[in-house]
Amino acid sequence: SNGWRRPEDPGVATDAAGEVEAVGRDVTELKPGDRVFGIRLGACAEYVAGANFVRMPANLSFEQAAAIPVAGITALQGVRDHASVRPGERVLVNGAGGGVGSFLVQIAKAHGAEVTAVSSADHAETLRSTGADHVVDYGTEDFTRSDLRHDVILDVGGNRSLRDIRRVLAPDGRIVLIGAGKGMFGPMGRFVGGIIRQRLLKERLVVFIAKVSLDDLARLGEMAEAGQLTPVIDSTWPLAETPAAFHRLETAHARGKIVITI
């Protein structure tokens with residue numbers, strides 16, 4: 001978080017997976033030796049202390065489990081709680097190639113939806129392999145000019161106006177805005193604009209900030225164990241090369257999550 005002259009907390013990253021070294025005397029759900037994954041600011045470290053951890057799926061590596069928490073919770077709450085996706089509905093994910101987007105595609109599929117994923121061409125194969133029914137390359141096709149109408153639009157891309165997006169929304173459809181917007185005001189402008197439209201114009205539009213939930217972490221673990229959720233990893237980097245990993249995150253078109261290994 002930002003302080004006046006320097007960060008109040010200099011920790012980097014929020015997702016982690018590893019083996020429990022010790023627990024407090026009141027902790028009964030976990031014990032030393034358990035493999036866990038979860039959320040704690042300052043996750044780029046050899047040791048992390050925190051309360052928001054659950055047992056990780058047996059079929060995942062530490063790298064895969066570490067790629068799930070924040071993006072996974074955001075996607076789960078977006079699909080289940082805010083979009084209320086139902087079986088048979090048409091769902092479009094704009095910005096499907098990123099960490100949250102790839103989870104949105106998979107979780108919407110797990111809820112029985114027909115999913116259209118909008119991303120760049122280099123993500124197409126990965127998106128199809130993780131369950132997308134249709135993939136749209138935004139470099140060659142404008143999804144907002146399609147004749148197909150969608151019951152739910154999950155917009156994590158933030159690169160199109162609401163006016164454009166509404167063109168492909170079914171009459172009783174709903175839009176969920178997730179993550180940062182573009183332009184001068186960035187995420188805050190997108191968030192405030194969405195709230196205004198939602199409350200004053202009575203649009204079927206949702207903006208939200210994901211909440212940390214042990215139950216949701218456990219649910220994501222169950223989905224991964226059942227084969228419904230597969231983390232997409234772009235690359236792994238040793239802890240000593242953390243600056244290079246963040247450079248890739250900031251400058252490259254990463255295909256999935258970037259993971260730091262210990």
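The values are calculated or read from the model by the stated rules, or taken from the named source; none is laboratory data. Keep in mind the model is a prediction, meaning the values are calculated, not measured. Counting neighbours? That spans all protein chains shown, and the Cβs are built from the backbone with ideal geometry, glycine included. For the accessible areas, the whole protein counts, side chains as well, though only heavy atoms, and no ligand, DNA or RNA atoms are used. Shrake-Rupley method; radii C 1.70, N 1.55, O 1.52, S 1.80 Å.
I'd like to check something: does segment 138-158 contain any residue that is open to solvent by less than 30 Å² (accessible area, probe 1.4 Å), out of contact with any His (no Cβ under 6 Å at 6 or more places or on another chain) and closer than 19 Å to Met223 by Cα?
Scanning segment 138-158 turns up no residue that is open to solvent by less than 30 Å² (accessible area, probe 1.4 Å), out of contact with any His (no Cβ under 6 Å at 6 or more places or on another chain) and closer than 19 Å to Met223 by Cα.
So that you can scan it fast, the table gives a plain yes or no per residue for (1) assigned to a helix (DSSP H, G or I); (2) small (Gly, Ala, Ser); (3) touching a Leu at 6+ places or on another chain (Cβ under 8 Å):
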| position | (1), (2), (3) |
| --- | --- |
| Gln106 | yes, no, yes |
| Val115 | no, no, yes |
| Ala124 | yes, yes, no |
| Leu127 | yes, no, no |
| Gly131 | no, yes, no |
| Val152 | no, no, yes |
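Between Glu63, Glu46, Glu125, Glu114, which is closer than 19 Å to Ala170 by Cα and surrounded by fewer than 19 Cβ atoms within 10 Å (Cβ to Cβ)? Show your work before the answer.
Details: Glu63 fails: closer than 19 Å to Ala170 by Cα; Glu46 fails: closer than 19 Å to Ala170 by Cα; Glu125 fails: closer than 19 Å to Ala170 by Cα.
The unique qualifying residue is Glu114.
Residues Gly227, Gly221: which one is on the phi > 0 side of the Ramachandran plot and of a type outside the set (Val, Ile, Thr)? Give the derivation first.
Numbers: Gly221 fails: on the phi > 0 side of the Ramachandran plot.
Matching residue, one of Gly227, Gly221: Gly227.
Condition check ((1) modelled with pLDDT of 90 or more; (2) open to solvent by less than 80 Å² (accessible area, probe 1.4 Å); (3) not β-branched (Val, Ile, Thr)) across all residues:
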{"position": "Glu225", "(1), (2), (3)": "yes, no, yes"}
{"position": "Pro231", "(1), (2), (3)": "yes, yes, yes"}
{"position": "Ala244", "(1), (2), (3)": "yes, yes, yes"}
{"position": "Ile258", "(1), (2), (3)": "yes, yes, no"}
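Please give the number of the condition Gly186 fails out of (1) open to solvent by 80 Å² or more (accessible area, probe 1.4 Å); (2) modelled with pLDDT under 55.
(1) is the only condition that Gly186 fails.
Tally up the residues in segment 66-98 that are crowded, with 24+ Cβ neighbours inside 10 Å, not aliphatic (A, V, I, L, M) and not in a loop (DSSP other than H, G, I, E, B), please.
The qualifying residues number 4.
Looking at segment 7-43, which of its residues are modelled with pLDDT under 90 and under 21 Å from His247 (Cα atoms)?
Kept after step one, since they are modelled with pLDDT under 90, are these residues of segment 7-43: 7-13.
Passing the criteria: Pro7, Asp9, Pro10, Gly11, Val12, Ala13.
Within segment 38-61, is even one residue outside any loop (DSSP other than H, G, I, E, B) and within 19 Å of Arg255 (Cβ to Cβ)? Spell out the reasoning first.
Looking only at segment 38-61, we keep the residues that are outside any loop (DSSP other than H, G, I, E, B), and these are 38-39, 53-55.
Add one more test, that the residue is within 19 Å of Arg255 (Cβ to Cβ), and what stays is none.
Taking every residue of segment 38-61 in turn, none turns out to be outside any loop (DSSP other than H, G, I, E, B) and within 19 Å of Arg255 (Cβ to Cβ).
How many residues does segment 213-262 contain that are within 21 Å of Val36 (Cα to Cα) and in a helix (DSSP H, G or I)?
The total comes to 13.
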